[in-house]
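Peer 1: Attaching a single structure in structure tokens format; questions to follow.
The values are calculated or read from the model by the stated rules, or taken from the named source; none is laboratory data. All figures in this text were calculated on a predicted structure; none of them were measured in a lab. Heads up, the Cβs are rebuilt from the backbone with ideal geometry, glycines too, and the neighbour counts pull from every protein chain shown. The area values use the complete protein model at the heavy-atom level, side chains included, leaving out ligands, DNA and RNA. Shrake-Rupley method; radii C 1.70, N 1.55, O 1.52, S 1.80 Å.
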Amino acid sequence: LSLLIDYFSHHFKTFCFANTTKYTYYRILITSSGGRISDYSEDDFVAISELEMHGPITNNIILGRANNGKHIVPSGSAFGDSGTPSNAFNGSMTDSSDVWASGSGLPVYVGYDFDTSVVINSYAIMNRYSSTVSYYPRTWLFQGSNTSETSGFTTLHSVSNYDDWEDPANMTAGD
């Protein structure tokens, strides 16, 4: 169990930004990925094991894994325009199929409806478990909205051509 927790804690990439505005809907809108897979040879593809969201207080996990190992999921629901959005927030990384996967074509998004407005000022993405690096997002926007799952979004953070993902297949204990 400690090796599993160590693996998870080391493979999240955390992104911080300034935000004091409360939003009900938060999403990551992915506009490019690192590669393609054979099933989607004409379109880009992306997969994420977990997407966490954090509030402004130190170690304030709004959605994701807490330091005590418990997974926090507030009332609300996952949403997205493809795949199984709840897999990005389920706290489970059992195998390479336990992920949110985009299907064919970009841009795509996955997000969370908190049912109430909350402040998020950082998020963490865990790369797909037992995968290749090419399936990960490269360019994306992290956005908030008080309108709906599909409209009224304000960009809170943007990332362009990010390629600092670790390949789980090359990891060893303690990495």
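Peer 1: Consider only pairs whose beta carbons are under 8 Å apart and that are at least six residues apart or on different chains; among these, list those whose first residue lies in the stretch 87-103 and is among the charged types (D, E, K, R) and whose second residue is buried (at least 16 other Cβ atoms within 10 Å of the Cβ) and modelled with pLDDT of 80 or more.
Peer 2: Final answer for the pair search is D98/S49; D98/N87; D98/N90.
Peer 1: Any idea how many residues of the stretch 77-90 are touching a Lys or Arg at 6+ places or on another chain (Cβ under 9 Å) and either closer than 17 Å to D44 by Cα or open to solvent by 30 Å² or more (accessible area, probe 1.4 Å) (or both)?
Peer 2: The number of residues fulfilling the criteria is 1.
Peer 1: Sort out which residues of the stretch 136-167 are free of Cβ contacts under 8 Å to residues at least 60 places away in the same chain and open to solvent by less than 40 Å² (accessible area, probe 1.4 Å), and write them in order of number.
Peer 2: The answer is D167, and nothing else.
Peer 1: If you don't mind, there's one more thing I want to ask. How many residues does the stretch 89-113 hold that are modelled with pLDDT under 90 and of a type in the set (F, W, Y)?
Peer 2: Counting residues in the stretch 89-113 that are modelled with pLDDT under 90 and of a type in the set (F, W, Y) gives 2.
Peer 1: Among the residues in the stretch 50-61, are any modelled with pLDDT under 70 and in a strand (DSSP E or B)?
Peer 2: There is at least one residue in the stretch 50-61 that is modelled with pLDDT under 70 and in a strand (DSSP E or B).
Peer 1: Can you go through S86, S75, S117 and tell me which one is at pLDDT 65 or above, part of a strand (DSSP E or B) and closer than 30 Å to T147 by Cβ?
Peer 2: S117
Peer 1: Still on this structure, please answer the following. Assuming D43 fulfils every condition listed in (1) assigned to a loop (DSSP other than H, G, I, E, B); (2) modelled with pLDDT of 65 or more; (3) in contact with a Gly (Cβ under 7 Å, 6 or more places away or on another chain); (4) open to solvent by 30 Å² or more (accessible area, probe 1.4 Å) apart from one, which condition is it?
Peer 2: (2)
Peer 1: Would you be able to tell me the number of residues in the stretch 15-40 that are over 23 Å from Y162 (Cβ atoms) and modelled with pLDDT under 75?
Peer 2: The qualifying residues number 2.
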